[in-house]
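The values are calculated or read from the model by the stated rules, or taken from the named source; none is laboratory data. Model, not experiment: these values are computed from the prediction. Here Cβ is always computed from backbone atoms with ideal geometry, including for glycine, and neighbour counts include all displayed protein chains. Accessible surface is based on the protein model in full, side chains and every heavy atom, while ligands, DNA and RNA are left aside. Shrake-Rupley method; radii C 1.70, N 1.55, O 1.52, S 1.80 Å.
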Amino acid sequence: QLQLVESGGGLVQPGGSLRLSCAASGISFRFNAMGWFRQAPGKQRELVASITSAGSTNYADSVKGRFTISRDNAKNTVYLQMNSLKPEDTAVYSCNLNGYDEAEGTEFGSWGQGTQVTVSS
């Protein structure tokens, strides 16, 4: 069974940095793409950043130049480096993995449990 474990959230002051991690384990799979999403109270969930198997990345306009998504293939882990954090970045951040289960021969999409990021002085 696939497990996605997120870590790295917390409380940080405006202008600070955090690095989120999303580690996948439990099955043998082919990585297709992963996205980091966030949802603030009273707002819709939005895509923050994504990365494909080819290494192509995409960012929401609100985080361009401040956030960087990257991937460590050996560790089956995707990172979201967040710099120059603002109060409006406060949200629950969740990763979503899109992959191919090599044992089952099926595509899948799976969510992490979410991690809270709070930017406040």
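Overview of results
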| quantity | calculated |
| --- | --- |
| Along principal axes, Cα extents of the stretch 23-121, largest first, whole Å | 47, 25, 20 |
| Long-range HN-HN contacts of Gly16 with modeled amide H, under 5 Å | Leu85 |
| ³J(HN,Hα) computed for each position of the stretch 83-91 - Karplus, 6.51 cos²θ - 1.76 cosθ + 1.60, integer Hz, glycine/proline x | 10, 6, 5, 10, x, 6, 7, 4, 4 |
| Accessible surface of the chain [probe 1.4 Å, protein heavy atoms]: carbon and sulfur percent | 44 |
| Cα shape, the stretch 76-116, gyration tensor, a/c 1.5 rule | prolate |
| Whole-number accessible area per residue in Å² for the stretch 28-96, which is evaluated in the context of all protein chains at 1.4 Å | 52 |
| Phi-based couplings in Hz for the stretch 63-68 (Karplus 6.51, -1.76, 1.60; Gly and Pro marked x) | 10, 4, x, 10, 10, 9 |
| Listed residues Asp61, Asp72, Asp101 arranged by accessible area, highest first, probe 1.4 Å | Asp61, Asp72, Asp101 |
| FRET efficiency, Lys64 to Ser25 (Cβ-Cβ, R0 25 Å, nearest 0.05) | 0.25 |
| Cut-off 12 Å between beta-carbons: net charge of the residues surrounding Thr90, Lys and Arg +1, Asp and Glu -1 | +1 |
| Max mean-square fluctuation residue, GNM over the chain, Cα-Cα springs under 10 Å, options Val63, Val48, Val78 | Val63 |
| Spatially proximal lysines relative to Lys75 (Cα-Cα < 26 Å; intrachain offsets below 8 disregarded) | Lys64 |
